[in-house]
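Comments concern the structure below.
The values are calculated or read from the model by the stated rules, or taken from the named source; none is laboratory data. Bear in mind the structure is a predicted one, so any value in this text is a computation, not a measurement. Methodologically, a virtual Cβ is constructed for each residue, glycine included, from the backbone with ideal geometry; neighbour enumeration extends over all protein chains shown. The protein model used for the area step is the full one, side chains on, heavy atoms only, and it has no ligands, DNA or RNA in it. Shrake-Rupley method; radii C 1.70, N 1.55, O 1.52, S 1.80 Å.
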Amino acid sequence: MKKEIIEKETWWFQQEPQTAPVIYLDNAATTYPKPEILYRAMDYGNRYLAINAGRGSYYLAQIALQEIEIMRKKILQQIHGEEAGETVVTPSATIAMNQIIGGLMLTQKDKVYVSPFEHNAVMRTLYKEQKQKGFTIEELPLVADTLEVDLDKMEYMFSKQPPTAVFVTHVSNVTGYILPIKEIFAITKKITKGEGRVILDAAQSFGIVPIDYSQTPFDAIVFAGHKSLYGPMGIGGFVKHKDFQLDSFLAGGTGSNSLNLSMPKGKDGLEPGSPNIPAILGLCASLVWIKDEGADNIFTHEQKLTECCIRQLKKIEGVKVYTPANPDNRIGVISFSMENYNVNEVAQILDDEYDIAVRAGYHCAPLIHSYLQDKEYGGTIRVSFGWFNTEEEIKIFVDSIREIMEG
Ligand code: PMP
């Protein structure tokens, strides 16, 4: 995008789209581009259905409301959760996590466990609550060599101090590790006799990496529309187990019971504010796209690109790849560093000289870097893949890393 173009106030209107031939390897930040059907749905949503659903009984408001219900259902279908779950809609995964952590009403005697892969959507939110409430936060143990969860040690820790709640990311946004969520769920529920809450952060996995809610009914599963669901920004939420009572954390209008100053109980009380109908339509469209394309095909494609890239990166001298040991346990995201380079410098060179978009730094995940020991590099360079990436792009990327390394 040329600088002189974007200096004009309405540059986006006056110019033909400037799609530079960028190789986009930052799909963990947000998947890009989106499926064509999403653009169509959002254009329709913005033109003809940007109506305040749930606040009026006229025809268009009813249609908008119907689309929200369709989205809720499609989300549950993704994980076979129609029986036990309900979908709560929020503007993002971060807001969803704030709602859950705030709504848990933790107290000083509570014990919260987190995986070392947690994002700041979990960590900062917990830390903020901890300062007010005084509960303890403990990390789940990792095997340092494999960068995978040590389940035996975890079970031992739980038996000594049973968890009130366990927060676990499904797929790490730093290493691409697919955490053993079924086992973590089973051990937590066994030791706490069903009382311990298990909260899954599926921002990087929902829609693509299988979750079977009928077998593993988490208390809450957080999703982000714009990541693995290939949907738009501005929409997220969580699937909440019907028996999991959460207090309202945010307050505001819900379109119901307006004279009452207290928030309504149940799902209504978790959804204050006007719903983002164009984004909901966009997410519905991307859910249709995932079904048509096949979630398993998308999973296989992303995993194939990941393996292809890890294999090639590992051959370059001076490149250190941070990845879980077992290839079956990783997808979509690779972190690495380069000897004698700060990671931000590499990201800049890739952008300036090769038109390759990657992310560098600590990726909003504060705990995992003490295992990676990457601070001397300023964190890691992260590449992350999506359906629209190709093996050819991976080859160009790896060749550019080799070139940079050879000076
Ligand atoms: N959890 C994980 C694992 C993430 O990677 C992210 C986004 N990087 C989030 C939560 C927060 O998502 P959002 O910024 O869309 O609210």
Subject >> Heavy-atom accessible area order for Glu392, Glu148, Glu293, largest first, 1.4 Å probe >> reply: Glu392, Glu293, Glu148
Subject >> Residues of type aspartates and glutamates that Lys240 reaches as a straight line, Cα spacing below 18 Å, ignoring anything fewer than 8 places off in the same chain >> reply: Glu69, Glu82, Glu83, Glu86, Glu195, Asp201, Asp212, Asp219, Asp268, Glu271
Original post:
What order do Asp243, Asp150, Asp145 take when sorted by accessible area (1.4 Å probe), most exposed first?
Top reply: Asp145, Asp243, Asp150
Original post:
Over 24 Å between Cα atoms, which of Lys291/Lys314; Lys111/Lys182; Lys189/Lys291; Lys160/Lys267; Lys128/Lys242; Lys160/Lys193 qualify?
Top reply: Lys291/Lys314; Lys189/Lys291; Lys160/Lys267; Lys128/Lys242
Subject >> Distant-in-sequence amide H partners of Val198 (H built 1.01 Å from N, under 5 Å) >> reply: Val166, Asp219, Ala220
Original post:
What ranking of Arg55, Arg311 comes out by heavy-atom accessible area, probe 1.4 Å, highest first?
Top reply: Arg311, Arg55
Subject >> Surrounding net charge for Ile368, when Lys and Arg each add one and Asp and Glu each subtract one, Cβ distance under 11 Å >> reply: -3
Subject >> Karplus 3J(HN,Hα) series, Hz, for the range 51-68 with 6.51 cos²θ - 1.76 cosθ + 1.60 (x for Gly, Pro) >> reply: 10, 7, 5, x, 10, x, 10, 5, 4, 5, 5, 5, 5, 4, 4, 4, 5, 4
Subject >> Residues with amide H under 5 Å from that of Glu138, placed H, sequence gap 5 or more >> reply: Val112, Tyr113, Val114
**OP:** Identify all aspartates and glutamates with a Cα-Cα distance to Lys133 below 16 Å; exclude those on the same chain that are fewer than 8 residues away in sequence.
**Re:** Asp110, Asp247
Original post:
Among all the lysines, which ones have a C-alpha under 27 Å from Lys320's C-alpha, if same-chain residues fewer than 8 places away are not counted?
Top reply: Lys227, Lys304, Lys375, Lys395
Original post:
What net charge do the residues around Leu142 carry, taking every other residue with its C-beta under 12 Å from that of Leu142, with Lys and Arg at +1 and Asp and Glu at -1?
Top reply: -3
Subject >> Residue-count net charge about Pro275 - beta-carbon cut-off 14 Å; Lys, Arg +1, Asp, Glu -1 >> reply: -1
**OP:** Calculate the length of the line joining the C-alpha centroid of the range 160-190 to that of the range 334-407, in whole Å.
**Re:** 27 Å
Subject >> Distance from the range 17-84 to the range 306-327 (C-alpha centre basis), Å >> reply: 35 Å
Subject >> the chain: calculated mean residue ellipticity at 222 nm from DSSP helix runs of at least 4, using -39500 (n - 2.57) >> reply: -12000 deg cm²/dmol
